[in-house]
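Presented below is the structure to which this report refers.
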Amino acid sequence: MMGVFDSGEMTMSARDSWEVFDDERPFAGVIYGRQRVRTVVIGIGDGGLLVFSPGVPLAERLWSELEAWGRPRFLLAPNHFHNAGLATWKSRYPTARIVAHPTALRRLRKKVPGVEIDDLTVLEAALPAGVRVFSPPSAKQGETFVSVATKDGPAWVSCDAIINERRLPGGLAGTAIRLLGFRAGLMTNPVFKRIFVRDKSAYKDFVLGELDREAPRMFVPCHGDPLRGDDVASRLRAITSAA
């Protein structure tokens, strides 16, 4: 969905490294593909991992580093667009279960034929205290967030709804995405907001309600740079209120 942000500048070494957000859980991410999308892995207890937005290719050594933390137990497609790596991960970890929001299932099953894809209830029943999924009720593509309790406080993981790109590309591509409403920095994705949200007011109320429930001190997007600090919740609140 956000491939327009490929700047072509990220080095292969930067792509081929896990960024560890919490080594105790564990909780880490890695960038894949020309569009610089982030896959996130989250420990869910007993050596099991939840993989958010599974992507490929990964350098071979990254699989070994992943397995030092545990084994993938669930592969979460965070909406019906982020599906390119599901078949590869399922082939490598055949006991892992692919899960997604019910709204995303129809398109995912067409895009990834021949594998079973369950709805989120299967995942929710297996999650430990401190990890939960939540989905805006008006998101047409099945957008799903994850909240993770870390040693530094709550963290949110987002796919396409909220992004934090460092800068926009130049040239015609940059002009086009600026006309669509994109800018550098933390923001609600304007394409998501305009096309994939049925009720913008309901979306805003939902996210603000989640921020009332907990104040994340870390934000990890699939698209863009992670944020950490005491102001993360207030920044998320501000961009949601302005959406």
Checking GLY33 against (1) under 27 Å from ILE195 (Cβ atoms); (2) among the small types (Gly, Ala, Ser); (3) at pLDDT 95 or above: exactly one of these is not met. Which one?
(3)
Pairs returned, first residue in the stretch 81-106 that is under 19 Å from SER138 (Cβ atoms), second residue that is of a type in the set (Val, Ile, Thr), beta-carbon separation under 7 angstrom, 6 or more apart or interchain, are ALA100/ILE117; HIS101/THR144; LEU105/ILE117
Of all residues in the stretch 83-105, which are aliphatic (A, V, I, L, M) and either surrounded by 19 or more Cβ atoms within 10 Å (Cβ to Cβ) or assigned to a helix (DSSP H, G or I) (or both)?
LEU86, ALA87, ALA96, ILE98, VAL99, ALA100, ALA104, LEU105
Count of residues meeting criterion [of a type in the set (D, E, K, R), assigned to a loop (DSSP other than H, G, I, E, B) and surrounded by fewer than 23 Cβ atoms within 10 Å (Cβ to Cβ)] in the stretch 132-152
3
In the stretch 159-200, what residues are more than 19 Å from the chain's Cα centre (by Cα), of a type in the set (Lys, Arg) and closer than 24 Å to LEU211 by Cβ?
ARG183, ARG194, ARG198, LYS200
Being touching a Pro at 6+ places or on another chain (Cβ under 7 Å) and either surrounded by fewer than 19 Cβ atoms within 10 Å (Cβ to Cβ) or of a type outside the set (S, T, N, Q) (or both) narrows it down to one residue among ALA155, ALA173; which is it?
ALA155
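Of all residues in the stretch 36-52, which are part of a strand (DSSP E or B) and either out of contact with any His (no Cβ under 8 Å at 6 or more places or on another chain) or modelled with pLDDT of 95 or more (or both)?
Going through the stretch 36-52, the residues part of a strand (DSSP E or B) turn out to be 37-43, 48-52.
Answer for the stretch 36-52, where residues must be part of a strand (DSSP E or B) and either out of contact with any His (no Cβ under 8 Å at 6 or more places or on another chain) or modelled with pLDDT of 95 or more (or both): ARG38, THR39, VAL40, VAL41, ILE42, GLY43, GLY48, LEU49, LEU50, VAL51, PHE52.
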Sole miss for GLY55 among (1) touching a residue at least 60 places away in the same chain (Cβ under 8 Å); (2) assigned to a loop (DSSP other than H, G, I, E, B); (3) small (Gly, Ala, Ser) is condition (1)
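The values are calculated or read from the model by the stated rules, or taken from the named source; none is laboratory data. Everything quoted here is computed from the prediction, not taken from an experiment. Neighbour counts are summed over all protein chains in view; Cβ atoms, including those assigned to glycine, are modelled from backbone coordinates with ideal geometry.
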